[in-house]
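Accompanying notes for the structure given below.
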Amino acid sequence: MAMAASSRLMWASRAAAYLRISTFPRAFSTVMKDLKYADTHEWVKVEGDSATVGITDHAQDHLGDVVYVELPEVGISVSQGKNFGAVESVKATSDINSPVSGEVVEVNEKLSEEPGLVNASPYDKGWIIKVKLSDSGELNSLMDDEKYSKFCEEEDNH
């Protein structure tokens, strides 16, 4: 009987880890469907030839309270996998790498006044830049939500 209870408990904790169940309620799920993810914990949402980029909930959770976001200039070119800015938190400063290549057409100016939007709403109000894509084929090298969830789970277990 003890064996069945412990295997149920193990299953429940594995399921909770896989589902990334949070202990406090938020209005979004931790890993969003219909986004692509880089292994450096940035997400990209593509609409036509435009891409919105931000850092993932997983990344902001590990960083802690964000106190400053270094934004690039509109008009600069970004390259897939290359740094374009930084996020500074109470714990650390972390580079932000672009998951796609293209021209920055908009930056989220609200982050200058409210950097905590990255924590509170990483997939909505906490986006960082919008890019006009130069190579949509690069999206094929990014992870979907299922692969990214598994990637985060494996990373957290090491």
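Inside the stretch 111-125, residues that are touching a strand residue (DSSP E or B) at 6+ places or on another chain (Cβ under 9 Å) and among the hydroxyl-bearing types (Ser, Thr, Tyr) make up a count of 2. Scan the stretch 78-96 for residues that are touching a residue at least 12 places away in the same chain (Cβ under 8 Å) and closer than 19 Å to ASN119 by Cβ and jot them down. Scanning the stretch 78-96 gives GLY85, ALA86, VAL87, GLU88, SER89, VAL90, LYS91, ALA92, SER94, ASP95, ILE96. When residues in the stretch 48-58 are screened for being surrounded by 21 or more Cβ atoms within 10 Å (Cβ to Cβ) and not in a loop (DSSP other than H, G, I, E, B), 6 of them pass. Whenever a residue of the stretch 132-158 is without any contact (Cβ under 8 Å) to a residue 60 or more places away in the chain, it has no partner that is surrounded by fewer than 13 Cβ atoms within 10 Å (Cβ to Cβ) lying with C-beta atoms less than 7 angstrom away and at least six residues away or across chains.
Looking at GLY85, GLY64, GLY81, just one residue is farther than 18 Å from THR30 by Cβ, surrounded by fewer than 19 Cβ atoms within 10 Å (Cβ to Cβ) and not charged (D, E, K, R), and that residue is GLY81. If only residues of the stretch 104-118 that are in a helix (DSSP H, G or I) and surrounded by 19 or more Cβ atoms within 10 Å (Cβ to Cβ) are counted, the one that is nearest to the chain's Cα centre (by Cα) is VAL118.
Would you tally the residues in the stretch 126-148 being assigned to a helix (DSSP H, G or I) and either within 14 Å of the chain's Cα centre (by Cα) or of a type in the set (Gly, Ala, Ser) (or both)? The total comes to 7.
All told, SER136 meets the bar of being in contact with a strand residue (DSSP E or B) (Cβ under 8 Å, 6 or more places away or on another chain), surrounded by fewer than 18 Cβ atoms within 10 Å (Cβ to Cβ) and at pLDDT below 95. One residue stands out among those in the stretch 66-97 that are in a loop (DSSP other than H, G, I, E, B) and touching an Asp or Glu at 6+ places or on another chain (Cβ under 7 Å): the one that is farthest from SER121 (Cα to Cα), which is GLY75.
The values are calculated or read from the model by the stated rules, or taken from the named source; none is laboratory data. Everything numeric in this text was worked out from a predicted model, so none of it was measured. Cβ atoms come from the backbone with ideal geometry, glycine included; neighbour counts cover every protein chain shown.
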